[in-house]
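In what follows, a single structure is set out as structure tokens and then discussed.
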Amino acid sequence: MGFGYHLPAVSGIIDLFLCGALGVNVTSMNEAAETKVCPHCAETIKAAAKVCPNCRFWQKRWSWHNPYVAVILSILALFTVCVPFAILLDQTLGSKTKFATYRDDIMVVSSQLSHRISEGNTMNTVIGTLTNRSEVAWKEVAVETEFFDKSGKQIDAITVRADDYHGPVILPHGEVVFKIEGRAARPEADYENYKVRVRWAKDVDAWP
Ligand SMILES: [Zn+2]
């Protein structure tokens, strides 16, 4: 309070007001500018002291240097960063949960199995059409196929690998064609029946 030296009366009033607001007792009007009583340990200390030399109590609570203020601000900053991140994470991971609720709305309309020989290997090829009865657009629609023999035993499958899969996008109330292929584990004659299933799909808005 630089101007206080020129206007002692005004300074005294300001000190009284400030100290009163901070709950600090003023011992006398003359000493008010130089000393104060620490509200924590009741020792008389210098008025300018930010930290009580006796008990280390912070005289001004809302100081940038006050470690307690720093801790509170750090927690607030952490929440500011964490909350949007948590929302993003929920949207990303939650897309699978969302698919689970719409699972029955993505249906295989038609499909066809064929076999071909490629470089000495028999390949099972399934092509077909999917329909989306939901209001949600889906991406990376993953289709799997199971194969059965005459006795109904599962003999082979075309599965999708989650790590490098880029399936088609299917719009609300839209249709999309798909083609999946896998090397046959059995001779062609063993393939009596097959079942096509949508394994998963991601909400188009989901990240990534
Ligand atoms: Zn103290």
Subject >> 2 or more residues touching a Lys or Arg at 6+ places or on another chain (Cβ under 8 Å) and crowded, with 16+ Cβ neighbours inside 10 Å: qualifying strands (runs of 3 or more DSSP E) within the range 130-196 >> reply: 138-148, 154-158
Subject >> Answer from ALA77, ALA47, ALA86 - the residue that is surrounded by 11 or more Cβ atoms within 10 Å (Cβ to Cβ), away from the ligand (no atom under 15 Å from the Cβ) and of a type in the set (Gly, Ala, Ser) >> reply: ALA86
Original post:
under 27 Å from ARG186 (Cα atoms), more than 16 Å from the ligand (Cβ to nearest atom) and not small (Gly, Ala, Ser) - does that describe any residue in the range 95-108?
Top reply: yes
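A short reminder: the numbers here are calculations on the coordinates, not readings from a lab. The structure displayed is predicted, hence computed values, not measured ones. All Cβ positions, glycine included, derive from the backbone under ideal geometry; neighbour counts span all protein chains shown.
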